[in-house]
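Contents: one structure, followed by commentary.
The values are calculated or read from the model by the stated rules, or taken from the named source; none is laboratory data. Treat the numbers as computed from the prediction; the structure is a model and nothing was measured. Here the Cβ positions follow ideal geometry from the backbone for every residue, glycine too, while neighbour counts run over all protein chains shown.
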Amino acid sequence: MSFLQEVEAKFNAAKESEDLISFNTTEVEKECDKIKFLITLVPGLSQKKNEEKEKNKDKENSNPFLNPNPKLFVKELDQHNLLLNKFSVVPNHLLITTKEFHKQSDPLLPNDIYEAFKIIQNFGSVPSLAFYNCGSESGASQGHKHLQVIPLKNEGAQPPIKALFDLIGDRQIGQIYALNRLPFVHVIIPLDHNTIQTKANTKETLTDYLAETFFGLLDAMIQQLRENDSPMTMSYNFLLTQDFMMLVPRLKEVATIEHEGKKYDFSLNSLAIAGLMLCKSDEELKALEAQDNLVDILTQVTVPLNPVAERLKAERSQAEEADLA
Ligand code: AMP
């Protein structure tokens with residue numbers, strides 16, 4: 001049985017026993033700045049979440065990840081549990097939760113990234129996206145540390161943001177990039193398939209490679225924040241696929257848009273950064289579809305690039321090039 005089949009069997013059983021709620025969805029694509037955003041309408045989501053909140057109201061310190069429901073339990077990892085997401089918008093959505101309580105505002109550690117990457121590898125030819133919503137402004141809804149992995153629907157499918165990564169000409173391994181069309185602070189790095197296959201083929205060496213890559217990226221993000229004269233923020237979104245790692249610092253959780261005189265709030269997490277937007281009503285969908293550019297919504301909650309800092313940076317690098325000539 002493949003890993004996906006194993007997960008699917010658990011998913012179907014949990015759905016059957018009503019331990020898991022799988023929502024009906026409608027999907028609409030909207031292309032903005034070369035990103036084909038996928039907007040998923042989930043009418044059942046708001047109602048179900050409210051019901052669940054009511055149920056949990058009386059349970060003090062209710063934490064669904066500390067003693068997970070066995071029907072949602074997929075397997076035990078070294079320091080994590082692999083669970084099914086109880087509220088499933090994407091079938092077979094997995095959560096990698098720490099066995100012991102750690103805060104969702106805690107930074108990613110090498111073993112967290114290793115487990116997420118292993119799940120991506122276990123999905124094999126089915127492309128998947130791992131992510132971590134770190135900190136209070138990142139869009140996380142649970143306070144217990146958890147990473148997440150979603151399989152992407154079709155073979156060959158990629159998160160919409162990957163289209164911008166593919167536009168980086170002459171990509172170099174080990175080089176950290178910014179994507180031209182995104183007007184907010186972010187950093188992205190290609191993963192080295194050769195290193196992963198050859199040098200990083202044991203748990204220890206793979207963990208080392210992923211950790212080294214991640215900490216390099218984190219340093220670059222902090223440097224970008226400094227160069228952009230931005231307030232430091234401990235909230236960020238982390239995206240990981242077979243091909244790249246990406247970090248986006250966050251200043252706000254909620255973006256607000258206006259449509260026909262009405263305001264709509266959207267709590268955005270890593271999936272929105274990846275180009276996967278969620279909405280709960282036809283009205284919200286219409287409001288999103290009517291926006292000129294969905295990238296602007298992401299800019300609201302991230303750290304917009306400061307044009308003065310950008311100009312100074314360009315002048316500095318021109319001066320450095322002139323010195324070298
Ligand atoms: P986030 O909202 O990014 O913090 O992700 C937490 C995920 O956990 C959400 O997608 C919820 O649907 C999911 N979730 C909430 N309660 C439970 C539960 N009891 N068991 C499993 N997953 C849950």
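Do we find that LYS118 is of a type in the set (Lys, Arg), within 15 Å of the ligand (Cβ to nearest atom) and under 27 Å from ASN81 (Cα atoms) in this structure? Walk me through it before giving the result.
Numbers: of a type in the set (Lys, Arg): yes; within 15 Å of the ligand (Cβ to nearest atom): no; under 27 Å from ASN81 (Cα atoms): yes.
Taking the combined requirement at face value, the residue does not satisfy it.
Return the only residue of GLU258, GLU289 being exposed (fewer than 13 other Cβ atoms within 10 Å of the Cβ), at pLDDT 95 or above and over 16 Å from the mean Cα position of the chain (by Cα). Outline the logic, then answer.
Numbers: GLU289 fails: exposed (fewer than 13 other Cβ atoms within 10 Å of the Cβ).
From the options GLU258, GLU289, the qualifying one is GLU258.
Those residues that are within 14 Å of the ligand (Cβ to nearest atom) and out of contact with any Lys or Arg (no Cβ under 7 Å at 6 or more places or on another chain), I need them from region 136-155; list them, please. Explain how you work it out, then say what you get.
First pass over region 136-155, keeping only residues within 14 Å of the ligand (Cβ to nearest atom): 136-150.
Within region 136-155, SER136, GLY139, ALA140, SER141, GLN142, HIS144, HIS146, LEU147, GLN148, VAL149, ILE150 qualify.
Taking into account only those residues within region 143-179 that are within 19 Å of the chain's Cα centre (by Cα) and among the charged types (D, E, K, R), which is nearest to LEU66 (Cα to Cα)? Reasoning before the result, please.
Taking region 143-179 and keeping what is within 19 Å of the chain's Cα centre (by Cα), we get 143-154, 156-166, 176-179.
Next, only the ones that are among the charged types (D, E, K, R) stay: 145, 153, 162, 166.
Working: LYS145: 10, LYS153: 30, LYS162: 34, ASP166: 39 Å.
Checked region 143-179; the qualifying residue nearest to LEU66 (Cα to Cα) is LYS145.
Restricting attention to region 180-203, report how many residues are more than 22 Å from PRO127 (Cα to Cα) and under 20 Å from the mean Cα position of the chain (by Cα).
Looking only at that region, the number is 7.
Restricting the search to region 268-286, which residues are out of contact with any helix residue (DSSP H, G or I) (no Cβ under 9 Å at 6 or more places or on another chain), loosely packed, with under 15 Cβ neighbours inside 10 Å and either touching a residue at least 40 places away in the same chain (Cβ under 8 Å) or on the phi > 0 side of the Ramachandran plot (or both)?
Listed by number, the list holds a single entry, ASP282.
Tell me which strands (runs of 3 or more DSSP E) are completely within region 132-244 and hold 1 or more residues being surrounded by fewer than 14 Cβ atoms within 10 Å (Cβ to Cβ) and in contact (Cβ under 8 Å) with a residue 40 or more places away in the chain, or say none if there are none.
Numbers: elements: 146-151, 187-190, 236-240.
Output list is empty.
How about region 61-96: which of its residues are in a strand (DSSP E or B) and near the ligand (Cβ under 9 Å from one of its atoms)? Give the steps one after another, and end with the answer.
Of all residues in region 61-96, those in a strand (DSSP E or B) come to 73-76, 80-84, 87-88, 94-96.
LEU83, LEU84, PHE87, SER88, LEU95 - these are the residues of region 61-96 that are in a strand (DSSP E or B) and near the ligand (Cβ under 9 Å from one of its atoms).
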